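The values are calculated or read from the model by the stated rules, or taken from the named source; none is laboratory data. Not measured: the values here are computed from a predicted model. Ideal geometry is used to build each Cβ from the backbone, glycine not excepted, and the neighbour counts take in all protein chains shown. Quick note on the areas: whole protein, heavy atoms, side chains included, nothing else; ligands and nucleic acids left out. Shrake-Rupley method; radii C 1.70, N 1.55, O 1.52, S 1.80 Å.
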Amino acid sequence: MIGDGALENVEAIFAVHVSHEHPTGIIGSRPGPLLAGCGFFRAVFSGRKGLAGSPHHSVDPILAASAAVISLQGIVSRESNPLDSQVVSVTSFNGGNNLDMIPETVVIGGTFRAFSNASFYNLLQRIEEVIVEQANVFRCWATVDFFEKESTIYPPTVNDDRMYEHVKKVATDLLGPPNFRVVPPMMGAEDFSFYSQVVPAAFYYIGVRNETLGSTHTGHSPYFMIDEDVLPIGAAVHATIAERIGNACALVILIIVRVVERAK
């Protein structure tokens, strides 16, 4: 959309997302970084296949990959500022299923997240360095793919201070000050972040939590449902944000997980 010019001459952009963490109708946001930048990696460790009973005839990629998994944890715990939240998580480890053979290759994968571009790209660099060098320690070699050509690297979602204040004022005017909350940053990621890099943006949440109805599960859960009483509140707030921005070229993006399907 950005490449096709959808944001040309656009001066502001807003998004709303439902949240099961806040009661129905509560608006939540914060200035500055709100959601983390997110990337994924896949590393292939290559060695020499051999019988498990004669490990000295092989070059063991399982050992190399295991050492890399442990060493990756030190990037955040020992190299990152404790006040600068970052994550490196290995979520996949595959060396095959032959219990009698040391495999020729092992594949690991995972995700990494940070709230600033500088921290994010430092993580990317260090993940590759740690994996490649740990492979060398164990006489293996490794390659790392960050899927950059597939646009799976999401930058942090950062709220513009002025746009955040605009959302806050509209929400408090319509719903009252008690119904607006400053929320903490989250390690989740959002493709709205690409828009926020191009034009001043604000991303905010609207609560859908209603324990009586069972509306308590995240939008990524198979048990997700929505308290539909939120629909007129969200529509009114979002429309007023657009109307009061005072510029006809403001683009408003409505992101409500599964709301349309549930409302039909």
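Quick notes on this structure:
- Coupling constants for segment 113-122 follow from the phi torsions by the Karplus curve (6.51 cos²θ - 1.76 cosθ + 1.60, θ = phi - 60°), and in residue order they are 8, 7, 9, 10, 4, 4, 5, 4, 6, 5 Hz; glycine and proline get x.
- Solvent-accessible surface (1.4 angstrom probe) belonging to Asp4, in square angstrom, nearest 10: 150 Å²
- Net charge dipole size for the chain [Lys, Arg +1 and Asp, Glu -1 on Cβ; Debye, nearest 20]: 360 debye
- Whole-Hz Karplus values for segment 124-137 come out as 4, 4, 5, 4, 5, 4, 4, 5, 5, 6, 5, 4, 5, 4 Hz, taken residue by residue from phi with 6.51 cos²θ - 1.76 cosθ + 1.60 and θ = phi - 60°; glycine and proline positions read x.
- Segment 35-49 and segment 136-211 have Cα centres spaced 24 Å apart.
- DSSP-defined beta bridges in the chain - what % are antiparallel, rounded to 5: 65 percent
- When every Cα-Cα distance of segment 37-145 is counted in 10 angstrom steps from zero, the calculated P(r) takes the values 15, 45, 26, 11, 3 percent.
- Global form of the chain, assessed from the alpha-carbon gyration tensor, a/c cut-off 1.5: prolate
- J(HN,Hα) series, segment 139-156, from Karplus relation 6.51 cos²θ - 1.76 cosθ + 1.60, nearest Hz, glycine and proline x: 6, 9, 9, 9, 10, 10, 10, 9, 6, 5, 6, 9, 6, 9, 8, 9, x, x
- Label point 7 Å beyond Cα of Leu83 along Cβ direction - residues of segment 158-175 with amide nitrogen under 19 Å: none
- Computed [θ] at 222 nm, helices only, for the chain once each DSSP H run of length n ≥ 4 contributes -39500 (n - 2.57): -9500 deg cm²/dmol
- Label separation (Gln125 vs Asn94): 3.1 nm, computed from points 7 Å beyond Cα along the C-beta direction.
- Label zone at Glu11 (point 7 Å along Cα-to-Cβ), backbone N below 17 Å, segment 136-174: 160-167
- Taking every Cα-Cα distance in segment 115-195 and sorting them into 10 Å bins starting at zero, the pair-distance distribution P(r) comes out as 14, 30, 24, 16, 9, 5, 1 percent.
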